[in-house]
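See below for the structure under consideration.
The values are calculated or read from the model by the stated rules, or taken from the named source; none is laboratory data. Keep in mind the model is a prediction, meaning the values are calculated, not measured. Virtual Cβ from ideal backbone geometry, glycine too; neighbours counted across all protein chains shown. Ligands, DNA and RNA are stripped out before the accessible areas are found, and what is left, the full protein with its side chains, is counted by its heavy atoms. Shrake-Rupley method; radii C 1.70, N 1.55, O 1.52, S 1.80 Å.
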Amino acid sequence: MDTGFATIIEQVASAVPGRTAISTPVRAFSYREFDERAARLATVFRQAGLGEGDKVACYLYNVPAYLETVFAAMKIGAVPVNANYRYTGGELAALLNDADAKALVFSDSLADNVVGITGQVPTLALVLRAGGSAEHDEFERAIASASPHPREERPGTDQLFMYTGGTTGRPKGVIWRQRDLLHSLAVPVYQPVGVELPSTLDEAVKAAILAGDDRLPVTMPAVPLMHGTGFFNTLGTMLLGGHVVLAGGTRLDPAAVWRQVGAQRVKTIIIAGNAVATPLLDELDRLRSQGLSYDLSSLTHVLTSGTALSDGLKRRLHEAADLTITDAIGSSEGGPFAFAITTSADDLPSRFLPIPSTKVFDDDDAEVEPGSGRAGMLAYSGPSPLGYYKDSAKTATTFRTIKGVRYSIPGDRVMVNMDGSVRFLGRDSGVINSGGEKVHPQEVEEVLLEHPAVRDCVVVGTPDETWGEKVAAVVATGSQAVRDEELRDWVRTRLAGYKVPRTIVMVPELPRTPTGKIEVAWAKERVRE
């Protein structure tokens, strides 16, 4: 189906106008209201001179304005661009210039980072502040003053950008054609309602109508919408006319999340590994210690991607509710490559099984055989992005053709077990070379996370005169006390000696980004100190 998301969701809104599209703790919007508000914002964009191919940056928290801005941009063929709300003014200006952004919509509480940089971005034609007092809320005033933009059928060749995190260098804009992303989302979106990928717009609308029984998705992104995991899966919910539940606030509030799960009968919650799961589970334990509990009876699914979710936390989730956990290895550049699906604690330890479009290639582009003991790169041949915006060299490195097939190979290194499952070793750029021995940080992190006193950790390589690099770990233990040597012994009994961290730094908690990632530079500096 060669149709843009805006056209699909417009037709879904016409078919199910009274369904709730988005809700927050203080307000809800039906599909009719959501579509009209986005159409009015599209008029505002047009009046500012925006059109096909112009970039619209979303520097917003998880608020309805994020989705309204994306949808409004799509209505006129403009390109939505995600901007990490953790960015400082300088970082934001760099991203806006890289994207050639023509419009910026930002949350009121981020205004200090926007003031002073707009003059540094010569392409900007429109800047809108969303939220705050009536005096400051330019977003609401603009919507109220504009008439709805007439619908225009948009093609699947329309684009959206997904900027990758910049923990290992300058963020890069991944260019997705909407039809390719739609095909990538087909299985998780349409399979639950018993529909293959719709081949026509009418079939897509019919699928949304079919979802109107107990299969209707009710989804809460507990991760930022500016993160691919949160946005792509939220978009999938809206393709079916489902209900997107936002917890509100500017940071993860576990109590608010669980209150909304019960109040809105959330079925699926989207998280990003241990960084999100740990505080959510700790909040359940806190309330339980008082003889109380949250209502989790509606929750049937937890979806996680982007960073590791340890089996220990998966066990706690299964014990908290009768649910299925889908753990995906994916990236902004394509995938998902593999899934580890568990329906109860009896399914642990979890195994990542590649999907049919996934292969594993070694450094010579030879396919890695199961049980060979060789490491290789995950490669995905399904629908993928066109490449990186204004970076042809990086595009050629990541999106390669092997034996006549185009693959997305973003750098995820794995081992292939005899049963065909894969063991994730981390991004290749993070491999530690210690005296010629290659150490994959993810492997060491997984073992450390199995220790009962370890709540979170990151493993990095630091300079060493003798070995070139040595393995170091920054470990979060909360209030629990544990000795360095105890953790080294724990790793030593499970991994080769050269993989044991030579330096271990204890901290109460790790400062992860909203996408669940650790700033590697920060971790290395802590070790150096």
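Report the gain in length on full extension from Ser392 to Thr503: 0.36 nm times residue separation, minus Cα-Cα distance, nm rounded to one decimal.
Going from the current span to full extension adds 36.0 nm.
Listed highest first by mean packing, meaning other Cβ atoms within 10 Å per residue, what order do 205-214, 344-353 come in?
205-214, 344-353
When you count, for each residue, the other Cβ atoms within 10 Å and take the mean per peptide, how do 146-158, 88-100 rank with the highest first?
Those peptides, ordered most packed to least, come out 88-100, 146-158.
With the other protein chains left in place, how much accessible area per residue, in square angstrom, belongs to the chain at a 1.4 angstrom probe?
41 Å²
What is the distance in Å between the Cα centres of the range 250-267 and the range 111-137?
The range 250-267 and the range 111-137 have Cα centres spaced 30 Å from each other.
As an exercise, take the mean of 1/r over every pair of distinct alpha carbons in the range 117-202, invert it, and state the Kirkwood radius in angstroms.
After inverting the pairwise mean of 1/r, the radius is 17.4 Å.
Can you give the Kirkwood hydrodynamic radius for the range 199-306, in Å, rounded to one decimal and based on Cα pairs?
Numbers: mean 1/r = 0.0683 Å⁻¹.
Result for the range 199-306 stands at 14.6 Å.
Got a number for carbon plus sulfur as a percent of the chain's accessible area, 1.4 Å probe? Walk me through the numbers on the way to the answer.
Numbers: 10620 of 21550 Å².
Carbon and sulfur: 49 percent of the exposed surface of the chain.
Taking a cut-off of 19 Å, what percent of all Cα-Cα pairs in the range 295-407 are separated by more than that?
56 percent
Against the globular-protein guess of 2.2 N^0.38 Å, express the Cα radius of gyration of the range 382-438 as a ratio, rounded to two decimals.
Normalised Rg, Cα atoms only: 1.40.
Between Ser133 and Arg526, what FRET efficiency follows from the Cβ-Cβ distance if R0 is 41 Å, with the result rounded to 0.05?
Numbers: r = 40 Å, r/R0 = 0.97.
For R0 = 41 Å, the calculated efficiency reads 0.55.
Take the range 1-137, drop everything but the C-alpha atoms, weight them equally and run the Debye formula without solvent; then report log10 I(q)/I(0) at 0.11, 0.12, 0.17 Å⁻¹ to two decimals.
Result of the Debye calculation: -0.40, -0.47, -0.92.
How are the Cα pair distances of the chain distributed, in percent, across 20 Å bins from 0?
Over the chain, the share of Cα pairs per 20 Å bin runs 22, 57, 21, 1 percent.
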